[in-house]
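Below is one structure, written out as structure tokens; comments come after it.
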Amino acid sequence: MLKGSDIIDKVVVTYDTGKKIVRIIDLIFDRERNQLLGFLVAEKGLFRDAKVIPLQEVQAIGSDAIVVNSKESVVKAHRVPVIKEILHQNIVLRKKRILTTEGLDLGGLVDLFFDEHSGLVEGYEVSGGVFADAYSGRSFVPASEALKIGDDVAFVPPETAQLMEEQVGGIRGAVQATGDKLQDSAQTTNRRLQTAAQTVNEQLQSSVEKVNRGLQSASQNAGEQFLAASDKELRASEHGTAALVHHGNGRAQLESKSFL
């Protein structure tokens, strides 16, 4: 999880050439989806369009630089309609007061924290307010899908204040707790995937064993049938030989009587 203000003024480097091309001026944030969409690298002028870097063009956000695919990753704002609309609205988050819908002042918005991979905003850093940390005077407001940003104030549901009241260790503790939740979620997903893989392997092994047993049983039955058929043919052959011998003896006796 990264802090928005730490991104400002970072140099942008292209991966294909390794060149420094621009610096980050500001973050472009979709307030309705709590989502970071990209970065502003050149403001709009009288005869020029603003230039931006969509988040999907970013390969990595490091401690010293942001790596993008190429210089073509920097585009004019009008080429990305959702970013163009947000820039047109010209909504500034910094220093807005955050209030619950019940009128409780949680502080002035100073910064935001976001996931560097998905761009999802995880929470906000606020200054002052009823839950300000005694050491820094700041607190962490968990991001809410119900965030409503107006001209002067941003509203959050009352449940947000309850979450802040449960925070331990001030803003650092809150950020750490949020990071732990994300890590726990990833670990839970991994465990579920491992369990699913194990179940599939067990099912495959069971199926293979069942097929093998079926083949062995079929082979054994075929062998028994073959032996039974062979035994039957042998008995038939012996019976036929005995009949011939008896018939031959009868003829010999008749001939002997005739001769006499």
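The values are calculated or read from the model by the stated rules, or taken from the named source; none is laboratory data. All values derive from a computational prediction rather than experimental measurement. Every residue, glycine among them, receives a Cβ derived from its backbone with ideal geometry; neighbour counts consider all protein chains shown. Please note that ligands, DNA and RNA were not included when accessible areas were found on the heavy atoms of the full protein model with its side chains. Shrake-Rupley method; radii C 1.70, N 1.55, O 1.52, S 1.80 Å.
Of all residues in segment 35-89 being more than 26 Å from Pro142 (Cβ to Cβ) and of a type in the set (Ser, Thr, Tyr), which is surrounded by the fewest Cβ atoms within 10 Å (Cβ to Cβ)?
Selected residue: Ser70.
Of all the residues that make up segment 5-34, how many are under 19 Å from Leu112 (Cβ atoms), part of a loop (DSSP other than H, G, I, E, B) and open to solvent by 40 Å² or more (accessible area, probe 1.4 Å)?
Let us first name the residues in segment 5-34 that are under 19 Å from Leu112 (Cβ atoms), namely 5-10, 24-34.
Applying the additional criterion that residues be part of a loop (DSSP other than H, G, I, E, B) yields 7-10, 24-25, 31-34.
Then keep just the ones that are open to solvent by 40 Å² or more (accessible area, probe 1.4 Å); that gives 8-9, 25, 31-33.
Residues meeting the conditions: 6.
Filter segment 146-182 down to residues that are at pLDDT 65 or above and either basic (Lys, Arg) or under 23 Å from Leu2 (Cβ atoms) (or both) and give me whichever is surrounded by the fewest Cβ atoms within 10 Å (Cβ to Cβ). Before the answer, list the steps.
We begin by selecting, within segment 146-182, every residue at pLDDT 65 or above; these are 146-166.
So of that shortlist, the ones also either basic (Lys, Arg) or under 23 Å from Leu2 (Cβ atoms) (or both) come out as 147-149, 154, 156, 160, 163-164.
Working: Leu147: 18, Lys148: 13, Ile149: 18, Ala154: 21, Val156: 24, Thr160: 23, Leu163: 18, Met164: 23.
That would be Lys148.
Could you pull out the residue among Leu112, Leu120 that is within 21 Å of Leu2 (Cα to Cα), in contact (Cβ under 8 Å) with a residue 60 or more places away in the chain and open to solvent by 60 Å² or more (accessible area, probe 1.4 Å)? Please lay out each step first, then the result.
Details: Leu112 fails: open to solvent by 60 Å² or more (accessible area, probe 1.4 Å).
None of the other options fit; the residue is Leu120.
With the requirement that a residue be at pLDDT below 90 and not aromatic (Phe, Trp, Tyr), what does segment 43-62 give you? If you could, list the steps in order and put the result at the bottom.
Within segment 43-62, the subset at pLDDT below 90 is 43-49.
Residues satisfying the conditions are Glu43, Lys44, Gly45, Leu46, Arg48, Asp49.
For residues in segment 94-109 being open to solvent by 30 Å² or more (accessible area, probe 1.4 Å) and touching a Phe, Trp or Tyr at 6+ places or on another chain (Cβ under 8 Å), which is nearest to Ile8 (Cα to Cα)?
Leu99
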